[in-house]
Amino acid sequence: MSNNGSINYFAETNSAEVVCERMAGARDARLAEIMRSIISHLHAVVKEVEPTYEEWEKAIGFLTATGQMCDDKRQEWILLSDVLGVSMLVDAINTRRPSGATENTVLGPFHVDGAPIRDMGETISDDGKGEPLYVSGRVVDGDGSPVAGAVIDTWQASFDGFYDNQQPDVQPEHNLRGVFRTGEDGRYSYRAVKPCYYGIPKDGPVGALLDGLGRDNMRPAHLHYIVSAPGYETVTTHIFVKGDPYLEDDAVFGVKQSLIAEFEQHFDPARAAELGVANPFWTVEHDFVLTRQGG
Ligand code: BEZ
Ligand code: FE
């Protein structure tokens, strides 16, 4: 019913209002609030775009194909959210931190639970393929004091841009994955290989969308981390390789200036022997700055 008691039948002019009125008796207030916003914006989009029947069918077909592409290994809906910048926006809203704290970025679909627990200094490269990389740094709090007992869960793509779970017949399971725990000094170090830029999956509807929009599917080279410690906010983040050609063109908008680090190449047999890597090799040093929970 409208304010003057007459029935508010659906029309082009009042479409969103009529639909939202039906939620007056919602049992879940937050659900109704979210749906009111979605319905208002959605109707505004339809009014602006004025789709033909064919275009609307195409949209429904795209959403259907996106759902049908999902299984226990592939999440096309998250990929869609990633390429539309929505994953990074939700992340930004939920991880507002003091300046100087390590910033979050996208988790991505390739993390697995149960990666091997490794000792500091150990390698995460089980197949030994790629250019050696020595990664080190500290986990500290906002005052720069070491965080002991921090768990660093890392994973990365291979030298040619694939995760182990994308290539089960090529890479050993858990290749380039590891979980490390800091000691009293908050320091961490491990051996890996220099990561390479790579393309996110484009064999599904999201790939077709990117293609239609003339967009690249590339991600700049990076190392993934989830860093956690009791009493601190968990950080899901990357270290990006400075100078990578795709830093300004990341398909999922994950790059932040503070996460770009210098990867230095060394030709130094003595230092290589000291670090347990082949010569020549790369190094990168990066600190993770955690924020106290509720701080
Ligand atoms: C990744 O970095 O692993 C990733 C992130 C978002 C979409 C696809 C891959
Ligand atoms: Fe990645």
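The values are calculated or read from the model by the stated rules, or taken from the named source; none is laboratory data. As the structure is a computational prediction, the values presented were derived from the model and not from experiment. Glycine also receives a Cβ, built like all others from the backbone with ideal geometry; neighbour counts cover every protein chain displayed. These area figures cover heavy atoms from the full protein model, side chains too; ligands, DNA and RNA do not enter into them. Shrake-Rupley method; radii C 1.70, N 1.55, O 1.52, S 1.80 Å.
Out of residues 5 or more away from Asp287 or on other chains, whose amide H comes under 5 Å of its own, with H placed 1.01 Å from N in the peptide plane?
Those qualifying (amide H under 5 Å, at least 5 residues apart or on another chain) are Arg138.
Pulled fully out, how much extra length does the chain show between Asn94 and Val46, if you take 0.36 nm times their separation in residues and subtract their Cα-Cα distance?
14.3 nm
Rounded to whole Å and sorted largest first, list the principal axis extents of the Cα atoms in the stretch 51-169.
For the stretch 51-169, the Cα spread along each principal axis is 60, 43, 24 Å.
If you restrict to DSSP beta bridges whose two residues both lie in the chain, what percentage is antiparallel, to the nearest 5?
Antiparallel bridges make up about 75 percent of those DSSP assigns within the chain.
Given a Förster distance of 25 Å, report the FRET efficiency between Leu84 and Ser258 from their Cβ-Cβ distance, rounded to the nearest 0.05.
That pair, Leu84 with Ser258, gives E of 0.60.
Might you tell me the accessible area per residue for the stretch 77-289, computed with a 1.4 Å probe and given in Å²?
46 Å²
Let me know the Rg and Dmax you get for the stretch 77-289 when you use only its Cα atoms, in Å.
17.0, 52
With every protein chain kept in place and ligands, DNA and RNA left out, what is the accessible area per residue of the stretch 1-50? Probe 1.4 Å, answer in Å².
Result: 84 Å² per residue.
Cross-chain or 8 or more residues apart, Cα under 18 Å: how many lysine pairs in the chain fit that? Count them up, please.
5
Restricting everything to alpha-carbon atoms, can you work out Rg to Rh for the stretch 185-248 with a Kirkwood hydrodynamic radius? Can you show the working numbers first?
Details: Rg = 16.1 Å, Rh = 14.5 Å.
Reported Rg/Rh (Cα atoms, Kirkwood Rh): 1.11.
Could you tell me the distance between the Cα centroids of the stretch 103-138 and the stretch 49-97, to the nearest Å?
The two parts, judged by their Cα centres, are 29 Å apart.
Which value in nm describes the separation of the simple spin-label points at Val112 and Phe62, placed 7 Å from the Cα toward the beta carbon?
Each label point lies 7 Å from its Cα, and together they span 3.3 nm.
Is the stretch 1-50 rounded, prolate or oblate when judged by the Cα gyration tensor, a ≥ b ≥ c being the square roots of its eigenvalues, rounded requiring a/c under 1.5 and prolate requiring a/b larger than b/c? Intermediate results must be reported in sequence, preceding the final value.
Details: a/c = 3.44, a/b = 1.06, b/c = 3.23.
Taking the square roots of the gyration eigenvalues as a ≥ b ≥ c, the stretch 1-50 is oblate.
Could you please state how large a percent of the accessible area of the chain is carbon and sulfur, counting protein chains only and using a 1.4 Å probe? It would help to have the intermediate numbers written out before the result.
On the way: 8820 of 16660 Å².
Here it works out to 53 percent.
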